[in-house]
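Structure first, commentary second.
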Amino acid sequence: MTSGNHAKRLIRAVQELSMARDLDAVAEVVRHAARELVGADGATFVLRDGEQCFYRDEDAICPLWKGQRFPLQACISGWAMLNRQATAIEDIYQDDRIPHAAYRPTFVKSLVMVPIRTLEPIGAIGTYWASQYRATRGQIEMLQALADATSVALENVQVYAELERRVEERTAQLAQANQLLQDEVAERLRAELLVRQMSLTDELTGLYNRRGFLLLAERELQVARRRRGRSLLLYVDLDYLKLTNDRFGHAAGDGMLVDAADLLRSLFRTTDVVARIGGDEFVVLASHYSTSEEVLTRLDKAQQSFQQRTGRPLSLSVGAAESSLQPDQSLEQLLTQADAAMYANKCSRRRLQAVG
């Protein structure tokens, strides 16, 4: 490899190291680049682990010491770290710094060892030759340049790992805070829903109250108008409630109100709005029906069936108003019209009873 190619290979290694995000990626770049830069038969990537040298990775013609640990004071990589300088050994068996017993099973005859970070070394890069070899000053400088770039890469890996840890920690904190916020919002919504239900429903019957009816019926009326549909408003009065309260007590009167509410609830869809708007008065806004006469007939039959089935009295006076007859009528106008029809119905029934 020419000097120009060496420079290009070093530049490529530096670029690859700058993009490394973990230790494995750094080791992968270093072990290949070190061997290729000097034409060695093997290369090792060594990290300092306390008072030991850990041979983290290697690229060699035969296995060396990958995964093994040696005392810092007893290996050449430790010497390079402790002395903060590179060393080139042409004949390892003529150098007292080399642990010969560890090298005899290997192919190594010559080596160069350079420290990673010269001020406070954290590792070393070793290159090895199977035959006696004298490394040039330029080769040693090139390996040291690779080691310096490796030092920066390892620091970047630590920074990146710390940032990643902080991000994960912060993400976990945010997730926890978000969950707490969601729980608080859900609890608030449940509380608001409960309050809303309490403010929109009649406590005795469970039907909507006047406020609930006006709110929902107005919306349903608008929907029906947009669809050019029709709506039927029933105004229902529970007969004889005052008489029952006076003679039998309010508990009996409350029972009649609940019976009336249950009857109305059973006759209409869940999408229809059924409400008790006060005292003995109920209203229904229905959007799905055939004719008003059919609804009134069904309601009358339901009253008779209830009395026969339970033996309890239940009498309802009913008035009806249809929005389709006058599409521009307001909800208030429909209520007034249905109320008037209900009153007329109640009066006519009383006249019939008086005549009878």
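Taking the numbered list (1) touching a residue at least 40 places away in the same chain (Cβ under 8 Å); (2) under 14 Å from residue 123 (Cβ atoms) in turn, residue 49 passes all entries but (1).
Out of 247, 265, 309, 269, I need the residue that is touching a strand residue (DSSP E or B) at 6+ places or on another chain (Cβ under 8 Å) and surrounded by fewer than 14 Cβ atoms within 10 Å (Cβ to Cβ). Which one? Walk me through how you get there before you give the answer.
On the way: 247 fails: touching a strand residue (DSSP E or B) at 6+ places or on another chain (Cβ under 8 Å); 265 fails: surrounded by fewer than 14 Cβ atoms within 10 Å (Cβ to Cβ); 309 fails: touching a strand residue (DSSP E or B) at 6+ places or on another chain (Cβ under 8 Å).
The match here is 269.
Taking residues in the stretch 73-95 that are at pLDDT 90 or above, and partners anywhere that are among the acidic types (Asp, Glu) and surrounded by fewer than 18 Cβ atoms within 10 Å (Cβ to Cβ), the pairs with Cβ atoms closer than 6 Å and at least 6 places apart or on different chains are 89/95.
Might you let me know whether the stretch 256-266 holds any residue that is under 24 Å from residue 300 (Cβ atoms) and more than 48 Å from the chain's Cα centre (by Cα)? Let's see the steps before the verdict.
The first filter runs over the stretch 256-266 and keeps only residues under 24 Å from residue 300 (Cβ atoms), leaving 256-266.
Next, from what is left, pick out any that are more than 48 Å from the chain's Cα centre (by Cα): 256.
Looking through the stretch 256-266, at least one residue is under 24 Å from residue 300 (Cβ atoms) and more than 48 Å from the chain's Cα centre (by Cα).
Within the stretch 332-356, the set of residues being at pLDDT below 90 and either surrounded by 13 or more Cβ atoms within 10 Å (Cβ to Cβ) or aromatic (Phe, Trp, Tyr) (or both) comprises 345, 346, 349. Restricting attention to the stretch 74-103, the residues that are assigned to a helix (DSSP H, G or I) and not β-branched (Val, Ile, Thr) total 14.
Of all residues in the stretch 104-149, which are in contact (Cβ under 8 Å) with a residue 40 or more places away in the chain, assigned to a loop (DSSP other than H, G, I, E, B) and closer than 16 Å to residue 75 by Cβ? 106, 108, 121, 122 - these are the residues of the stretch 104-149 that are in contact (Cβ under 8 Å) with a residue 40 or more places away in the chain, assigned to a loop (DSSP other than H, G, I, E, B) and closer than 16 Å to residue 75 by Cβ. Taking strands (runs of 3 or more DSSP E) as the structural unit, those lying wholly within the stretch 1-73 and holding at least 1 residues that are touching an Asp or Glu at 6+ places or on another chain (Cβ under 9 Å) and buried (at least 18 other Cβ atoms within 10 Å of the Cβ) correspond to 42-49, 52-60.
Counting only residues that are surrounded by 18 or more Cβ atoms within 10 Å (Cβ to Cβ) and under 12 Å from residue 234 (Cβ atoms), the stretch 290-306 holds 3 of them. Quickly run through the stretch 77-88 and pick out the residues that are in contact with a helix residue (DSSP H, G or I) (Cβ under 8 Å, 6 or more places away or on another chain) and surrounded by 21 or more Cβ atoms within 10 Å (Cβ to Cβ). 78, 81, listed by residue number. Evaluating residue 245 against the criteria (1) touching a residue at least 40 places away in the same chain (Cβ under 8 Å); (2) polar (S, T, N, Q); (3) touching a helix residue (DSSP H, G or I) at 6+ places or on another chain (Cβ under 8 Å) leaves one unmet condition, (1). Among the residues of the stretch 95-129, those that are crowded, with 21+ Cβ neighbours inside 10 Å and under 24 Å from residue 156 (Cβ atoms) comprise 113, 114, 115, 116, 121, 123, 124, 125, 126, 127.
The values are calculated or read from the model by the stated rules, or taken from the named source; none is laboratory data. These numbers come from a predicted model, not from an experiment. Every residue, glycine among them, receives a Cβ derived from its backbone with ideal geometry; neighbour counts consider all protein chains shown.
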